[in-house]
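Trainee: Handing you a structure now.
The values are calculated or read from the model by the stated rules, or taken from the named source; none is laboratory data. No experiment lies behind these values; they were computed from the predicted model shown. Here the Cβ positions follow ideal geometry from the backbone for every residue, glycine too, while neighbour counts run over all protein chains shown.
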Amino acid sequence: MPNPSTTDSMHTLASDQEIVRQYLDRVNPPEQLSEAERRQLESQIRELMQARNARLVAHYYTDSLLQDLADDSGGFVGDSLEMARFGRDCDADILMVAGVRFMGESAKILSPGKKVLMPTLEATCSLDIACPIDRFAAFCDEHPDRTVVVYANTSAAVKARSDWVVTSSIALDVVDHLMERGEKIIWAPDKHLGAYIKKTTGADMLLWDAACIVHEEFKVRGIKDMLKLYPEAAVLAHPESPDAVLEVADMIGSTSQIINAARSLPNRDFIVATDQGIFHKLQQLAPGKQFIIAPTAGNDATCRSCANCPWMGMNSLQALYSSLLDETNEITVDAVIARQAMVPLQRMLDFAVENKLQIHGKA
Ligand code: 13P
Ligand code: SF4
C-alpha cells in the first residue's frame, strides 16, 4: 500500500504552518470593539437577520460574541454534527455559518435551497488541506474492497468520494456498526481520531495521515504535571488529540460531549484538551466549575496554535455583518458533487436518529 504517510505528512505539517503564518501576517486580528460599537453592530445584524429570515449557526470555537448572538437570536451553537442538523432543519432562507469552510459546505449540501454565507471563506482546517481529492481518490481506488469513512472536516469532493461521513460524536458508533457487518475500512483524514477508533473498536482500518494543528499540540507530560497541582481534576479530551493524551483522559468526545461531561461529572476542576473557544460555553453551562486549558508547547516559540484554531478565529462580528449586509462570502458547491456528498452526510444523520446517540466516550 502506498502509505500517504511520513513524507507527505511532513510536507503537510510544514505547509499548514506556512498557511497559518501567511494568514496571520495578512489578516489583522478583529478590531477590539467598544461596548457601544458592539451593541450597535449586534443590533444591525439582528435587524438584517430578521428582515432576510437569516439564522446564525456557530461552532463552540468561535468568538464568544458570535456564540451569544446565535443563542439570543434563534440561531444555534453546537458541535459539527449538531450544526449540520440544525442548518438542515431550520426554516431560514439564509444560514450564516460561523466556523470553518467544511461546516458551511455541509450546510449547503444538506440545504441546497438555502443561501449559506460565512463571515469569511478563508477559514479552512488543517485536516481538509491535508486530504486533497486527487490523492484521496487514488488511495480509495487502490482499495476497492474497503468502505470509505471520512471525517466531516473534509472538502465536499472528498465527502462525495466516501460511503460514510462521520463527526467525532458519532465516529465510534458508525465504525462499530460497520465492523459488525464485517466491513473493512478506509479512514481519513485525522490519524489520531482514526487510531483511537481503531484501538477502541478493533476494526480493520487503513488510516490517512493528517492531524489537527490545534489538538496535536497538547502534551501529555504537561497534563501529568498539571494533575499534580489539581489531583482531583478530570481530563476531558477531544479525540483529535494524540494517543498519549487520550490515554490519560477521563472522557474523550466531541465538543458537545465534552460540555455534557463537564456538567454531569462530579469533579470541580477540569483539564480540557481542545480549542479554548469552548471555555465560553463551559463556563455558561457549568458555572462554579474550574476549567484549565491542557498544556501545549505554548510557552515557547514552537507553539503553532496555543489551543486556538487560527481559522475559527477569523470569524468576527464585523465580518459577519459585512457578509450579511452585502450577502457576500456565499458558499457554493458543484451540483454533482453536492448530490453525491449528500448521500453519506444524510446516512450519518439518519444513523444518529436511528440509534438515538448520546455521549459515547469514556465518561
Ligand atoms: P466537533 O465535531 O467535536 O465540534 O469538532 C469539530 C472540530 O473541528 C474539532 O477540532
Ligand atoms: Fe480543523 Fe483543528 Fe481548527 Fe478543528 S481545531 S477546525 S480540526 S484545524
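Trainee: Residue by residue through the stretch 49-64, note down the ones that are part of a helix (DSSP H, G or I) and in contact (Cβ under 8 Å) with a residue 24 or more places away in the chain. Can you show your working first?
Mentor: Restricting attention to the stretch 49-64, the residues satisfying the condition of being part of a helix (DSSP H, G or I) are 49-51, 64.
Within the stretch 49-64, MET49, SER64 qualify.
Listed here are the residues, each with its yes/no results for (1) more than 19 Å from PRO344 (Cβ to Cβ); (2) part of a strand (DSSP E or B); (3) within 13 Å of ligand 2 (Cβ to nearest atom).
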{"site": "MET83", "(1), (2), (3)": "no, no, yes"}
{"site": "ALA92", "(1), (2), (3)": "yes, no, no"}
{"site": "LEU95", "(1), (2), (3)": "yes, yes, no"}
{"site": "SER106", "(1), (2), (3)": "no, no, yes"}
{"site": "ILE109", "(1), (2), (3)": "no, no, no"}
{"site": "PRO112", "(1), (2), (3)": "no, no, no"}
{"site": "PRO119", "(1), (2), (3)": "yes, no, no"}
{"site": "THR124", "(1), (2), (3)": "yes, no, yes"}
{"site": "LEU127", "(1), (2), (3)": "no, no, yes"}
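Trainee: In addition: With respect to the numbered conditions (1) within 24 Å of CYS309 (Cβ to Cβ); (2) among the basic types (Lys, Arg); (3) not in a strand (DSSP E or B), which one is the sole condition not fulfilled by ARG46?
Mentor: (1)
Trainee: Anything in the stretch 130-146 that is of a type in the set (A, V, I, L, M) and either more than 20 Å from the chain's Cα centre (by Cα) or part of a helix (DSSP H, G or I) (or both)? List them, or say none.
Mentor: Of the residues in the stretch 130-146, the ones of a type in the set (A, V, I, L, M) are 130, 133, 137-138.
ILE133, ALA137, ALA138 - these are the residues of the stretch 130-146 that are of a type in the set (A, V, I, L, M) and either more than 20 Å from the chain's Cα centre (by Cα) or part of a helix (DSSP H, G or I) (or both).
Trainee: Are any residues in the stretch 65-81 closer than 22 Å to GLY253 by Cβ and either free of Cβ contacts under 8 Å to residues at least 12 places away in the same chain or not in a helix (DSSP H, G or I) (or both), and if so, which ones?
Mentor: Quick first cut of the stretch 65-81, residues closer than 22 Å to GLY253 by Cβ only: 67, 70-71, 76-81.
Result: ASP71, PHE76, VAL77, GLY78, ASP79.
Trainee: Output the residue which, of all residues in the stretch 320-343 that are in contact with a strand residue (DSSP E or B) (Cβ under 7 Å, 6 or more places away or on another chain) and within 23 Å of ALA157 (Cα to Cα), is surrounded by the fewest Cβ atoms within 10 Å (Cβ to Cβ). Walk me through how you get there before you give the answer.
Mentor: At the first step, the residues of the stretch 320-343 found to be in contact with a strand residue (DSSP E or B) (Cβ under 7 Å, 6 or more places away or on another chain) are 320, 323-324, 327, 329-331.
After this cut, where a residue has to be within 23 Å of ALA157 (Cα to Cα) as well, the list is 329-331.
Working: ASN329: 21, GLU330: 14, ILE331: 21.
Here the residue is GLU330.
Trainee: Still on this structure, I have one more. Looking at GLN284, GLN276, which one is within 13 Å of ligand 2 (Cβ to nearest atom), out of contact with any His (no Cβ under 9 Å at 6 or more places or on another chain) and either hydroxyl-bearing (Ser, Thr, Tyr) or not assigned by TED's automatic domain parsing to the domain that holds ASP173 (or both)? Before the answer, list the steps.
Mentor: Working: GLN284 fails: within 13 Å of ligand 2 (Cβ to nearest atom).
The match here is GLN276.
Trainee: Out of curiosity, is VAL214 within 17 Å of the chain's Cα centre (by Cα) and either within 11 Å of ligand 1 (Cβ to nearest atom) or in the same structural domain as ASN153 (by TED's automatic domain parsing) (or both)? Before the answer, list the steps.
Mentor: On the way: within 17 Å of the chain's Cα centre (by Cα): yes; either within 11 Å of ligand 1 (Cβ to nearest atom) or in the same structural domain as ASN153 (by TED's automatic domain parsing) (or both): yes.
Yes; evaluated as a whole, the condition is true for this residue.
Trainee: Then there's this: Quickly run through the stretch 227-261 and pick out the residues that are closer than 20 Å to CYS212 by Cβ, outside any strand (DSSP E or B) and without any contact (Cβ under 8 Å) to a residue 60 or more places away in the chain.
Mentor: Across the stretch 227-261, the qualifying residues are SER241, PRO242, ASP243, ALA244, VAL245, LEU246, GLU247, VAL248, ILE258.
Trainee: Right, something else. May I ask you to list pairs of residues, at least six apart or on different chains, whose Cβ atoms are under 6 Å apart, with the first in the stretch 262-282 being of a type in the set (Ser, Thr, Tyr) and the second being crowded, with 24+ Cβ neighbours inside 10 Å?
Mentor: Pairs that qualify, where the first residue is of a type in the set (Ser, Thr, Tyr) and the partner is crowded, with 24+ Cβ neighbours inside 10 Å, are THR274/HIS238.
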